[in-house]
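Colleague: A single structure is presented below for examination.
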Amino acid sequence: MNPEYISYETLTATRESAEWAFWAMIAAWVSAGATIFTLFFAYRALSTWREQEKTKVKLDFRASLKHFKSALLFMPSSLDPVELEAEREQVIAKWLFKDVDFITQQIESGEQNVQRFDDLLAAFENCISAWLATEHLFDGTDMARVWLTIEDDFEKYINGEGSKSPLLQSLNKLTATRFVFESK
């Protein structure tokens, strides 16, 4: 073989190799651009999802407040824990007197009070769970202060140390506040 021909073929192979390297570099740049583009939209989607979850948690808290308020409306203005416990004991013993109509009728009245109280406790527990799910979204706001007041007033109410009026006032203040969709 002729050395000039070998040199020419080497030159051609080197040029084709460089051309392939160039197109591989272009493909790498396009791939990097597509990756950055994808990361941008993934970040935007994650930010949108986070805001949706915040809104969902706020809606759950609002719904639990409404349920708690409706359960509280069926309760007497003040509670007597001793009387409520006696009614609970009667409900537990109801099966002993199921054949005596007069006693059964009295127990059924107490049973309604116990059921309402249990519903109230469940509604309040739901509110606490929803409040904890907000994970400090309302820290330092008037809502946080009102919620702490509600917790204190509820504790006083179920212990027979207060009435439901301040509790209802605080609940009305919270439910009247626009905290899910703040803008008009």
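Colleague: Please give the solvent-accessible surface of Arg44 in Å², to the nearest 10, using a probe radius of 1.4 Å with every protein chain present.
Modeller: 130
Colleague: Need one value: the accessible area of Thr10 in square angstrom, 1.4 angstrom probe, rounded to the nearest 10.
Modeller: Estimated to the nearest 10 Å², Thr10 gives 80 Å².
Colleague: Just how large is the dipole of the chain about the Cα centre, in debye to the nearest 20, putting +1 at every Lys and Arg Cβ and -1 at every Asp and Glu Cβ?
Modeller: 800
Colleague: Modelled label-to-label distance, Asn2 and Trp29, 7 Å Cα→beta-carbon offset: nm?
Modeller: Taking the two extended label points, one gets 3.9 nm.
Colleague: Anything in the chain that counts as a DSSP H helix reaching 30 Å or more along its axis (C-alpha) with Kyte-Doolittle mean of at least -0.5? List them, would you?
Modeller: In the chain, the long hydrophobic H runs are 3-73, 101-133.
Colleague: Counting only heavy atoms of the protein chains, get the accessible area per residue of the chain (1.4 Å probe) and round it to a whole Å² value.
Modeller: Solvent-accessible surface per residue comes out at 71 Å².
Colleague: Of the accessible area of the stretch 137-184, with the probe set at 1.4 angstrom, what percent is carbon plus sulfur?
Modeller: 49
Colleague: A follow-up question, please. Rank Glu135, Glu19 by accessible area, highest first, at a 1.4 Å probe radius?
Modeller: Descending order: Glu135, Glu19.
Colleague: Accessible area of Arg145, 1.4 Å probe, to the nearest 10 Å²?
Modeller: 130
Colleague: Taking +1 at the Cβ of each Lys and Arg and -1 at the Cβ of each Asp and Glu, which of Trp29, Leu46, Ser129 sits farthest along the dipole of the chain towards its positive end, judged by Cα position relative to the Cα centre?
Modeller: Trp29
Colleague: Return, for the Cα atoms of the chain, the radius of gyration and Dmax in Å, separated by a comma.
Modeller: Gyration radius and largest Cα-Cα distance of the chain: 34.7, 124 Å.
Colleague: Using Cα springs under 10 Å in a Gaussian network model of the chain, which residue among Ser47, Ser70, Ser78 shows the largest mean-square fluctuation?
Modeller: Ranking Ser47, Ser70, Ser78 by mean-square fluctuation puts Ser47 first.
Colleague: Counting residues in the stretch 1-90 as N, plug N into 2.2 N^0.38 Å and put the Cα Rg over that result.
Modeller: Here the answer is 3.07, to two decimals.
Colleague: GNM on the chain, C-alpha springs below 10 Å: top fluctuator among Ala18, Ala133, Ala144?
Modeller: Ala18
Colleague: For Tyr43, Tyr5, what's the largest-to-smallest order of accessible area, 1.4 Å probe?
Modeller: So the residues, ranked largest to smallest area, are Tyr43, Tyr5.
Colleague: Looking at the chain as a GNM with Cα springs under 10 Å, which of Gly140, Gly160, Gly33 has the largest mean-square fluctuation?
Modeller: Checking each option, the largest mean-square fluctuation is seen for Gly33.
The values are calculated or read from the model by the stated rules, or taken from the named source; none is laboratory data. Note that the structure is a prediction, hence the values are computed from the model and not measured. Note that each Cβ is placed from the backbone with ideal geometry, even for glycine, and that neighbours are counted across all protein chains shown. Heavy atoms of the whole protein, side chains included, go into the accessibility calculation; ligands, DNA and RNA do not. Shrake-Rupley method; radii C 1.70, N 1.55, O 1.52, S 1.80 Å.
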